[in-house]
């Protein structure tokens with residue numbers, strides 16, 4: 001190990017991962033963390049430095065942030081169990097999940113204070129953070145371009161009074177100081193947000209050098225283009241690692257009921273007070289949710305957002321479950337055909 005190579009502790013190694021190793025694995029194999037994932041190879045960082053891994057056929061799915069074991073030939077042996085995982089339904093019509101990042105300690109949700117500002121989108125990110133049991137922090141960028149910063153910050157804070165919310169201009173180094181307090185040795189921080197909100201600018205500011213390209217946004221709609229094209233972990237100078245991700249215009253939820261319920265905990269609490277257990281919160285008598293909306297104790301926007309996300313994740317979860325059942329049945333059929341072919345061959 002050279003002096004510029006971080007230790008596995010600096011990369012986020014914890015007792016949770018250590019306890020998964022057998023004595024033989026600990027003595028015979030190498031430990032590394034995936035810092036980049038490309039279509040045909042994985043880049044890992046270990047105490048031996050940075051290297052590319054050979055992926056065996058039918059390898060278990062991995063993603064940036066995973067800890068893996070590999071041999072002296074740089075062949076991937078197995079990934080370790082994850083402490084946390086961010087995933088989404090694959091974009092478009094694909095019936096599958098896409099892994100976003102693993103073993104994250106803090107999720108920084110980035111939203112700009114221009115036309116991109118969207119409470120519903122922030123709630124969507126909060127749902128996946130809560131599902132993964134990872135601490136969410138909100139960063140509102142482009143504060144220099146907004147005339148009502150405090151009003152918007154208060155709106156975001158109202159989503160969760162215990163959540164940390166920062167409004168800043170990412171181009172001003174002095175305004176990044178509050179974020180640097182989260183960048184501690186052994187911590188892994190991930191940035192999520194749509195294109196053009198300033199994630200790469202924040203990452204560059206925290207790293208202290210121009211590690212990622214940054215771009216401009218369109219003036220007519222405040223939309224940005226992808227300047228980050230793949231997920232990658234970067235080692236922080238003060239210890240710990242952070243990850244930028246490509247902007248996500250589509251972030252569909254699946255298997256995220258607990259995360260949605262935790263994000264909208266006040267709606268769940270009100271629902272327990274409804275007269276009927278199966279209340280749909282529409283026109284039923286004794287509905288505590290409708291009563292709260294009518295009395296301005298719960299906003300209609302907030303309730304609509306909850307309903308949209310809980311229905312979306314239920315639909316996507318059911319669709320994925322159907323695909324898994326079909327894949328399992330297809331696999332059994334293939335095995336049966338192969339076994340029958342073997343018996344016929346032996347009988348000749």
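The values are calculated or read from the model by the stated rules, or taken from the named source; none is laboratory data. Since this is a predicted model, take the numbers as computed values, not measurements. Here the Cβ positions follow ideal geometry from the backbone for every residue, glycine too, while neighbour counts run over all protein chains shown.
Identify all residues within segment 95-112 that are closer than 19 Å to residue 143 by Cβ and surrounded by fewer than 24 Cβ atoms within 10 Å (Cβ to Cβ); write none if there are none. None - no residue of segment 95-112 is closer than 19 Å to residue 143 by Cβ and surrounded by fewer than 24 Cβ atoms within 10 Å (Cβ to Cβ), so the list stays empty. In summary, no helices (runs of 4 or more DSSP H) completely within segment 92-185 bear 1 or more residues that are over 30 Å from residue 7 (Cβ atoms), in the same structural domain as residue 39 (by TED's automatic domain parsing) and free of Cβ contacts under 8 Å to residues at least 40 places away in the same chain.
When residue 89 is tested against (1) out of contact with any strand residue (DSSP E or B) (no Cβ under 7 Å at 6 or more places or on another chain); (2) in the same structural domain as residue 163 (by TED's automatic domain parsing), exactly one condition is not met: (1). Taking the residues in segment 169-186 that are surrounded by 15 or more Cβ atoms within 10 Å (Cβ to Cβ) and within 12 Å of residue 137 (Cβ to Cβ) as candidates, determine which candidate is modelled with the lowest pLDDT. Here the answer is 183.
Taken over segment 60-82, the criterion of being surrounded by 15 or more Cβ atoms within 10 Å (Cβ to Cβ) and more than 21 Å from residue 23 (Cα to Cα) is satisfied by 62, 63, 64, 65.
Within the option set 23, 85, being under 18 Å from the mean Cα position of the chain (by Cα) and farther than 16 Å from residue 241 by Cβ holds for one residue only, 85. Kindly check whether there is at least one residue in segment 280-302 that is modelled with pLDDT of 95 or more and under 30 Å from residue 97 (Cα atoms). There is at least one residue in segment 280-302 that is modelled with pLDDT of 95 or more and under 30 Å from residue 97 (Cα atoms). Here residue 139 does not qualify as modelled with pLDDT under 95, crowded, with 24+ Cβ neighbours inside 10 Å and closer than 25 Å to residue 36 by Cβ.
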